[in-house]
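Input: a single structure, listed below in structure tokens.
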Amino acid sequence: MDGDGDPESVGQPEEASPEEQQEEASAEEASAGEERPAEEEEEAAYLDELPEPLLLRVLAELPAAELVQACRLVCLRWKELVDGAPLWLLKCQQEGLVPAGGAEDERDHWQQFYFLSKRRRNLLRNPCGEEDLEGWCDVEHGGDGWRVEELPGDCGVEFVHDDSVKKFFASSFDSPRWCRKAQVIDLQAEGYWEELLDTTQPAIVVKDWYSGRSDAGCLYELTVKLLSEHEDVLAEFDSGQVAVPPDSDDAGWIEISHTFTDYGPGVRFVRFEHGGQDSVYWKGWFGARVTNSSVWVEP
């Protein structure tokens, strides 16, 4: 038999009859069938004899999905190890999710922490205007409407908090409405399951950055709602209208943030909406500027 194990490449003695060949093949199959379970049992017995710290290190090298979907079904001991905190604390340490000296008793659910940490990302699309207004909904164009500009913009300042941020959204004057835009995040579509949202209720952190111009005052507002499956409002944050006067000490970029905790069961969506306008009613884009908006589900 060659290296690929192709049955057609197996050389047979010329004098062997078809009946003899069939009997020989059957014997080989039976022998192989006996050897494989014996080998598997031997390997399982070897792993079962490993001290727990060493077995944990072996299991920690496997992909998380394989641990949950396959390894915990092998035997009771493996199930207890996969369901326990030490294995997931070790995986968190190996993958840099926690410091190497993290203590086991600092958290109750290291498995949950691991999966939330791996999913952690900004759930808002196009937060800095790199794709114009793509990804934003319920867009209202007050005055001359929204416009995407390059940093720092006229009479503006650089965004020194993150070098990757290159653009911002500029709002206009109120005629007869503000410039507003929103995004609705489907948490289940993003990988957060019902039991997690209803029982654990992980912290949902929303952030936004706004700024004015040095030559014109402006107004800014942020509203974030946690919604049920039927879009009932279960929790809400509203900044109210924030005034930014011209030539103020706060002329740079200002961060606003809010953390939702203990919001109760039933949350399925996050609606993020912000808006701005100028306070001098000049034609053009003298209203509040926004960029680097974000929504995070924290572990």
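Would it be correct to say that T223 is touching a residue at least 60 places away in the same chain (Cβ under 8 Å), over 21 Å from D154 (Cβ atoms) and among the β-branched types (V, I, T)? Answer is no for this residue.
Tell me, please, whether a residue that is out of contact with any Leu (no Cβ under 9 Å at 6 or more places or on another chain) and either surrounded by 13 or more Cβ atoms within 10 Å (Cβ to Cβ) or closer than 19 Å to P246 by Cα (or both) can be found in region 162-169. No, that holds for no residue.
Please state which one of D232, D174, D238 is out of contact with any His (no Cβ under 6 Å at 6 or more places or on another chain), modelled with pLDDT under 95 and on the phi < 0 side of the Ramachandran plot. On inspection, the qualifying residue turns out to be D174.
Given the conditions (1) touching a helix residue (DSSP H, G or I) at 6+ places or on another chain (Cβ under 7 Å); (2) open to solvent by 70 Å² or more (accessible area, probe 1.4 Å); (3) among the aliphatic types (A, V, I, L, M), report the number of the one that L187 does not fulfil. Among (1) touching a helix residue (DSSP H, G or I) at 6+ places or on another chain (Cβ under 7 Å); (2) open to solvent by 70 Å² or more (accessible area, probe 1.4 Å); (3) among the aliphatic types (A, V, I, L, M), L187 violates only (2).
In region 209-234, the residue that is surrounded by the fewest Cβ atoms within 10 Å (Cβ to Cβ) out of those that are part of a strand (DSSP E or B), under 24 Å from the mean Cα position of the chain (by Cα) and not hydroxyl-bearing (S, T, Y) is V233.
For region 275-290, the candidate set comprises residues that are under 20 Å from A182 (Cβ atoms) and assigned to a strand (DSSP E or B); within that set, the residue that is nearest to the chain's Cα centre (by Cα) is V290.
Of the residues L76, L97, L50, the single one that is of a type outside the set (D, E, K, R) and surrounded by 16 or more Cβ atoms within 10 Å (Cβ to Cβ) is L97.
Residues in region 195-220 that are free of Cβ contacts under 8 Å to residues at least 60 places away in the same chain and either charged (D, E, K, R) or within 17 Å of C128 (Cα to Cα) (or both): E195 only. Would you confirm whether or not region 193-208 contains a residue that is more than 19 Å from N122 (Cβ to Cβ), of a type in the set (D, E) and surrounded by 13 or more Cβ atoms within 10 Å (Cβ to Cβ)? Checking region 193-208: at least one residue is more than 19 Å from N122 (Cβ to Cβ), of a type in the set (D, E) and surrounded by 13 or more Cβ atoms within 10 Å (Cβ to Cβ).
Of all residues in region 153-168, those that are within 12 Å of W253 (Cα to Cα) have Cβ atoms under 7 Å from Cβ atoms of residues that are of a type in the set (D, E), 6 or more apart or on another chain, in F168/E149. Do we find that G212 is modelled with pLDDT under 95 and at positive phi in this structure? So G212 does not fit the description; no.
The values are calculated or read from the model by the stated rules, or taken from the named source; none is laboratory data. Computed from a predicted model, the values in this text were never measured in an experiment. Virtual Cβ from ideal backbone geometry, glycine too; neighbours counted across all protein chains shown. All accessible areas refer to the heavy atoms of the entire protein, side chains included, with ligands and DNA or RNA removed. Shrake-Rupley method; radii C 1.70, N 1.55, O 1.52, S 1.80 Å.
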